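Report on the following structure.
The values are calculated or read from the model by the stated rules, or taken from the named source; none is laboratory data. Not measured: the values here are computed from a predicted model. Neighbour counts are summed over all protein chains in view; Cβ atoms, including those assigned to glycine, are modelled from backbone coordinates with ideal geometry. Side chains included, ligands, DNA and RNA excluded: accessible areas come from the protein's heavy atoms. Shrake-Rupley method; radii C 1.70, N 1.55, O 1.52, S 1.80 Å.
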Amino acid sequence: MRKKIAAANWKMNTTLAEAESLLQTMQGFAPKLDENHIAVFGIPFPYLSLAGEKLGEKPFHFIAAQNCSDKASGAYTGEVSVAMLQSVGVRYVILGHSERREYQQEGNALLAAKTDAVLQGGLTPIFCCGESLSIREAGTQDAFVQKQIEESLFHLDAQQIKQVVIAYEPIWAIGTGKTASSAQAQEMHAHLRSVFAKQYGDDVAAEISILYGGSVKGANAAELFGQPDVDGGLVGGASLNAEEFLTIMNAL
Ligand code: PEP
């Protein structure tokens, strides 16, 4: 059974004191999670160890980094390797968020290399894809997102692709308060699953978790997650509010 996942993405937010307080509150919660319904916390690098201490011991809670290097080690000033992340208890790595694609010029080829590095290190990539508003208005979103997937992931074999979590995040819905309708989300998720099915077969495609991201909040999570191909969410703004994120975890 594919996993249902509530994934928080704190982005570049919180001071140490704020992070500590948010993690402390989360530590006190008892969300309805189990082996197939899990929570993942995408925390800024400086607080990853702290997050591991606060949440890493809680069942079905996992810590994620928001990025990593495609290189194993060496003279890459300012970069963070998969081995470093693994050594502080990180289990997931968010890759290819649209903000990194836009501000750090991360392209499909680099993201293919980062995906390989994460998988080789035994961690799970949360691979983000999604179209801009102009692409959506032109009606070419299916082909655009398919190309992102093909160019970054289709070199993987069936065993590897099953380890990858996909996050479909239409850029026009990220941080804008404009959520894709549950029908729009379901339509793209079904398309993506059919893209995986064509390449890897129906059984493999059925095992891939595909999350939706873009202004998910407590009030809309249940409807979005109720769609047959929506396996949870990648949540930015609302994940900085402990109660909102608790509602989102419970909506799984
Ligand atoms: C995100 O950062 O991945 C995201 C979806 O942000 P928000 O929930 O704030 O739209």
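Peptides 115-122, 15-22 ordered by packing proxy, namely the average of other Cβ atoms within 10 Å per residue, highest first: 115-122, 15-22.
Express in whole angstrom the spacing between the alpha-carbon centres of segment 109-125 and segment 32-60. A separation of 20 Å, based on Cα centres.
Zone of Met1 (label point 7 Å along Cα→Cβ, backbone N under 15 Å): which residues in segment 178-211? What the label zone holds, given the 15 Å backbone N cut-off, is 207-209.
Ordered by packing density, taken as the mean number of other Cβ atoms within 10 Å over each peptide's residues, highest first, how do 50-57, 4-11, 235-242 rank?
4-11, 235-242, 50-57
Label-to-label distance for Glu243 and His191 is 3.8 nm, based on points extended 7 Å past Cα in the beta-carbon direction.
Couplings 3J(HN,Hα) for segment 66-81, derived from phi with the Karplus relation 6.51 cos²θ - 1.76 cosθ + 1.60 (θ = phi - 60°), are 9, 5, 7, 7, 7, 8, 6, 5, x, 7, 10, 3, x, 8, 10, 8 Hz, where x marks Gly and Pro. Between Glu53 and Gln120, the simple spin-label model (points 7 angstrom out along Cα→Cβ) gives 3.3 nm.
Take the Cα of Glu223, step 7 Å toward its Cβ, do the same at Ala17, and the gap between the two points is 3.9 nm.
Surface composition of segment 6-52: carbon plus sulfur atoms hold 55% of the accessible area, using a 1.4 angstrom probe and ignoring ligands, DNA and RNA.
For Ser69, what is the net charge nearby, where nearby means another residue's Cβ is under 9 Å from its Cβ and Lys, Arg count +1, Asp, Glu -1? Charge balance near Ser69 sits at 0. In this structure the chain gives 43 Å² per residue of accessible area when probed at 1.4 Å with all protein chains present.
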